[in-house]
Each structure stands twice: as structure tokens, then as C-alpha cells.
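First comes the structure, then the notes that go with it.
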Amino acid sequence: MIASKSDKNWIGSRLSRIRMPIRAKITAPYLFLSLLLAVGAGFLISNVVFDTLDARFKNQLAEVGQLSSELMVTEEDRLLEGFRLLANADGMVDAITEGDPEVLRELTFGVVVNNQIDAVEILDPGGNPLLAMRHKSGGQVEDYDFSAGGDGNIYRSWDFVEKVIQGQEDSLGDKYSGFVQAEWGDYFYVAGPVY
């Protein structure tokens, strides 16, 4: 490259503008390292925090599942106790055999109120409803709606009721439970035969 004297001045002025002050030369690497360190630390901390949050969430989810299972077992035991009281009431078998809803209501109402059972459905051996007792939402402890008769197909469509009607037994016995979403509400029922 051939240059004249005026070109050398132009090149020299350009080089002097490109040069960085010593302060910038010392500060720039430290600034770069501190930014790199901040990003790395932020990444590590967020991973640790999110991992512990995820682990805590999973632990809480497992704990809630266990508590829910225990509560369902407790509720099922409470309903089984109420069922046994109803099934062993004096005159219950005769009232079911006769299909008399008024006698059934008289026999069961005290037990149902005392045990605070939300709903009782009494069916004949064929699965046809004889008496339905359901607690009125927002009512007093003793406020129940009663109905006699009805469509037995609703009850026979429930798997746990069908097992009782067919007389099935499993390793735990002849009583079954199930959750039902019916037109009158969502209920957890326990079903079993009355001997």
C-alpha cells in the first residue's frame, strides 16, 4: 500500500479513536465476568428453587392423596355403621318384604337423623325403590325429603348396587360403595343386602 503523508495522518487519527482507555480495558473483563457469574448464579438458584418447589408440590400432592383416602375410609366406616343399624332394625325385613314405605320411614327416620346420614335409598330385592330419604340442603338436622317408588333402572345402573342385587361377595364381604352423580345431587353411597 502506498500512502502519502496526509493519508498517514488520517490513519493515525482513526487509530487514536479506536484505542480504548486503560480504565475500560481493566473494567471490561471484570464486568463480563460479573455478568457471567450473575447469569450462572441466577440459573443455578432458579433450578434449585424450582426443583425444591416441584419436590414440595409432589410431596404435598401425595400427602393430600393419603389424607383423602383416610377421610374416605372414615366416611365409609361411618356409613357402614349407619347401614348396619338400619339393616338390623326390628321389623325392617318385614317392611321391605311388604313394600310399605310408611313403615320403613318410621323404622329408619330416627337412625338416619341420629347418625346424620344425608341420603338413604331402600330397594326391594329386585332393585326397585321402596323409599328414598334425602336431607334437605340447608335445612335443620331433621329436615328430609321422602319419596316412595320410582324408576329402579337408575339404581340398577349403578355398578355397586347391581353387585348387591346379584348377591355377589368379594374378599371383604357383601357390602359395596360408590360415588354417584344423580339428578338429586352427588353422593357417596354404601350398599348392602338386608337379611
Express in whole angstrom the spacing between the alpha-carbon centres of the stretch 94-142 and the stretch 163-189. 16 Å
Provide Rg and Dmax in Å for the stretch 80-195, with only Cα atoms included in the calculation. 13.4, 39
Going through the DSSP H helices of the chain, which span 30 Å or more along their own axis at the Cα atoms while scoring at least -1.0 as a mean Kyte-Doolittle hydropathy? 22-87
For Ala182, which sequence-distant residues (separation of 5 or more, or a different chain) have an amide H within less than 5 Å of its own amide H, given hydrogens modelled in the peptide plane? Tyr187
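We did not get these values from a lab; they are worked out from the coordinates using the rules stated. Remember, it's a predicted structure, so these values are computed and weren't measured experimentally.
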